[in-house]
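The values are calculated or read from the model by the stated rules, or taken from the named source; none is laboratory data. This one's a predicted model, so the numbers in the text were calculated from it and none came from an experiment. We place every Cβ from the backbone using ideal geometry, glycine too, and count neighbours over all the protein chains shown. These area figures cover heavy atoms from the full protein model, side chains too; ligands, DNA and RNA do not enter into them. Shrake-Rupley method; radii C 1.70, N 1.55, O 1.52, S 1.80 Å.
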Amino acid sequence: MKYLTALVSLGAATTGVIAQCTVRTPIPPPSHCQTVALTWTGCVHPVTLEVRQFLDGPIVDGPFTVNSDVFIWTARPAAGSEVNLLVTDAIGDTSTSAPFSIAPSVLMPMRFGPMRLSCFKLWAEDEAVLKSDFSPVFSR
């Protein structure tokens, strides 16, 4: 009888535990145009991921619909932008990350000026300049 009472008590205690949707803040913060794995736990799929400027600010990237606990994201906001991640799961639970700043790009020399183009276009222009600067290397 003691064992039955203990099992019933244990069952009652565990049924009260509810998974909570929690998004993780990327550490270290990503650089502009860098890909980073964004993760969360306890969320019911699918989740909607938004990258926001401030908690209640405008969406700067997304929304993305994700059917797993990880999303590979390319950090498109400009370097120096402070953003938050907002995840909303299928039952309406929400979670926000701590604010983090997008670091300067390590892929692009500063001589190219303001980074207002898409990450792909920046990469293509950077490659074109490299080819013109080092044309003997690329012509072999």
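Computed quantities for the displayed model
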| item | result |
| --- | --- |
| Residues of the range 52-78 classified as farther than 20 Å from Ala103 by Cβ and either within 12 Å of the chain's Cα centre (by Cα) or outside any loop (DSSP other than H, G, I, E, B) (or both), total | 7 |
| Residues that are loosely packed, with under 15 Cβ neighbours inside 10 Å and either touching a strand residue (DSSP E or B) at 6+ places or on another chain (Cβ under 7 Å) or part of a strand (DSSP E or B) (or both), drawn from the range 91-100 | Thr94 |
| Extreme residue, nearest to Ile102 (Cα to Cα), among residues of the range 34-44 that are within 12 Å of the chain's Cα centre (by Cα) and surrounded by fewer than 21 Cβ atoms within 10 Å (Cβ to Cβ) | Gln34 |
| Scan of the range 10-27 for residues that are at pLDDT below 95 and open to solvent by 60 Å² or more (accessible area, probe 1.4 Å), ordered by number | Leu10, Ala12, Ala13, Thr14, Thr15, Val17, Ile18, Ala19, Gln20, Ile27 |
| Condition met for Leu49 (over 14 Å from Phe100 (Cβ atoms), open to solvent by less than 80 Å² (accessible area, probe 1.4 Å), at pLDDT 95 or above and in a strand (DSSP E or B)) | yes |
